[in-house]
Amino acid sequence: MKTEHTREQYRIRAAQLIKRAGQAIDSNHPTLSEVARWLVEHQPVMARATWRQYRAAMMCFIEEYEAETALQLIDREAAIALLRATDTSQCSPSSISTSAKKQKKISEKDLETLADYFLSNPGIRHGTATFYWLVSGLWTGLRPSEWQSARLVDDVDGNCDLTVTNAKNTNGRSHGDDRIIHLANITELELAVIRLHLTNIATAKNNDIGFTAVYKHCRDCLYDANKKLWPKRHKFISLYSARHQFAADAKKSGLSQAAIAALMGHASEETAGIHYGRRVSGRGGFRVAANAADVARVQAINAGRLDRKVGDSPRM
């Protein structure tokens, strides 16, 4: 039986989560199912205790929510179903759960150290696969979860493209269902590594290991490497750090906001600038190019948002 104090704490926490979800999906009034979906998508980077607290807070809030229309009732039930269908199996170990502990850059020196550690020690289980995952993300900017849908396709000019389903499109945070990343400047060796990485994922799927399991193996393997190589550090390199470094490299190379958003699967041109690696951490020498149609979609979306903001301005 929850005390009134506990319920009040849950209401406060739920309000914070709703605000964060709204900011993430660019909505001032996110629906309950949108908040629940956003929360579930972020479960892999939460500790079990954090997930339980957040889930309990939202469930308490939703149970107290009084739907006034049929649509609100349907949305309420959808949110409850989403949260009830989860358990803690998708959560991170508590020691690697918070984004504050994760580096938003990967220095060349650190990358060389990791390469030597993983590639010179074949006895490390999942070591080579982890390094391939890290550098493939560094060169392409994919979210770790997006590799399950990624595939290489030869274009009309004989070059290779990487096509990927955008992970955030269901809540309006992406510019479309998928995106194309042109790999024209990728070296043969780098392309071979990306192919091997995709083969590792396909093999795991075919052997019923599953994408989630192999992702967890590689994520944990990288965390263990951090502890061994840099035991005194307060922040660690994660698979997601590669995406931050990709953004920093794109900024350093002078790409436009629209091109960066197109490459990273964002709808907003501002997302990478606010939430991802800083230009000062970039190294330039960018290896990929955005697809023109993807860039055009980003520009159209952001022009529409600007028009709405202007239209909503008070008249004098």
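If you scan region 89-112, which residues turn out to be modelled with pLDDT of 90 or more and in a helix (DSSP H, G or I)? Listed by number, the residues that qualify are GLU108, LYS109, ASP110, LEU111, GLU112. When region 118-164 is limited to residues that are in a loop (DSSP other than H, G, I, E, B) and out of contact with any helix residue (DSSP H, G or I) (no Cβ under 8 Å at 6 or more places or on another chain), the one that is nearest to LEU263 (Cα to Cα) turns out to be SER149.
Sub-6 Å Cβ pairs linking a first residue in region 182-202 that is within 22 Å of SER145 (Cα to Cα) and in contact (Cβ under 8 Å) with a residue 12 or more places away in the chain to a second residue that is surrounded by 13 or more Cβ atoms within 10 Å (Cβ to Cβ) and of a type in the set (Phe, Trp, Tyr), at least 6 apart or interchain, are GLU190/TRP139; VAL193/TYR132; LEU196/TYR132; HIS197/TYR132; HIS197/TRP133; ILE201/TRP147, ordered by first then second residue. When region 1-29 is limited to residues that are hydroxyl-bearing (Ser, Thr, Tyr) and surrounded by 12 or more Cβ atoms within 10 Å (Cβ to Cβ), the one that is farthest from HIS42 (Cα to Cα) turns out to be THR6.
Residues of region 117-139 that are more than 23 Å from ILE186 (Cβ to Cβ) and among the β-branched types (Val, Ile, Thr): ILE124 alone. Being of a type in the set (Gly, Ala, Ser), within 24 Å of LYS101 (Cβ to Cβ) and not assigned by TED's automatic domain parsing to the domain that holds ILE25 holds for only one residue in SER256, SER238, and it is SER238. Only one entry of ALA115, ALA24, ALA78 meets the criterion of being among the aliphatic types (A, V, I, L, M), touching a helix residue (DSSP H, G or I) at 6+ places or on another chain (Cβ under 7 Å) and more than 27 Å from GLN245 (Cα to Cα), and that entry is ALA78. Would you mention how many residues in region 165-203 are outside any helix (DSSP H, G or I) and within 19 Å of LEU134 (Cβ to Cβ)? Looking only at that region, the number is 5. When restricted to residues that are out of contact with any helix residue (DSSP H, G or I) (no Cβ under 9 Å at 6 or more places or on another chain) and of a type in the set (S, T, N, Q), region 227-261 contains 1.
Quick check on region 160-180: of everything there that is among the hydrophobic types (A, V, I, L, M, F, W, C) and touching a strand residue (DSSP E or B) at 6+ places or on another chain (Cβ under 9 Å), which residue is farthest from ASP294 (Cα to Cα)? Walk me through how you get there before you give the answer.
In the first step, residues of region 160-180 are kept if they are among the hydrophobic types (A, V, I, L, M, F, W, C); the result is 160, 162, 164, 167, 180.
Filter again for touching a strand residue (DSSP E or B) at 6+ places or on another chain (Cβ under 9 Å), leaving 160, 162, 164, 180.
Details: CYS160: 17, LEU162: 13, VAL164: 12, ILE180: 7 Å.
So the residue we want is CYS160.
Evaluate the following for THR203: is it hydroxyl-bearing (Ser, Thr, Tyr) and modelled with pLDDT of 90 or more?
It is true that THR203 is hydroxyl-bearing (Ser, Thr, Tyr) and modelled with pLDDT of 90 or more.
Residues in region 175-198 include at least one that is surrounded by fewer than 21 Cβ atoms within 10 Å (Cβ to Cβ), under 19 Å from the mean Cα position of the chain (by Cα) and among the charged types (D, E, K, R).
The rows are residues; the columns are (1) free of Cβ contacts under 8 Å to residues at least 60 places away in the same chain; (2) within 24 Å of THR6 (Cα to Cα); (3) surrounded by fewer than 17 Cβ atoms within 10 Å (Cβ to Cβ); (4) polar (S, T, N, Q).
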| site | (1), (2), (3), (4) |
| --- | --- |
| LEU32 | yes, yes, no, no |
| ALA36 | yes, yes, no, no |
| GLN43 | yes, yes, no, yes |
| GLN53 | yes, yes, yes, yes |
| PHE61 | yes, yes, no, no |
| GLN103 | no, no, no, yes |
| GLU108 | no, no, yes, no |
| LEU114 | no, no, no, no |
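Looking at LEU255, is it in a helix (DSSP H, G or I) and farther than 13 Å from LYS104 by Cβ? Judged against the criteria, LEU255 is not a match. Against the definition (surrounded by 14 or more Cβ atoms within 10 Å (Cβ to Cβ) and either of a type in the set (Val, Ile, Thr) or over 28 Å from HIS126 (Cβ atoms) (or both)), how does ILE209 come out, yes or no? No, not satisfied.
The values are calculated or read from the model by the stated rules, or taken from the named source; none is laboratory data. What you see is a predicted model; the values in this text were computed from it and never measured. Ideal geometry is used to build each Cβ from the backbone, glycine not excepted, and the neighbour counts take in all protein chains shown.
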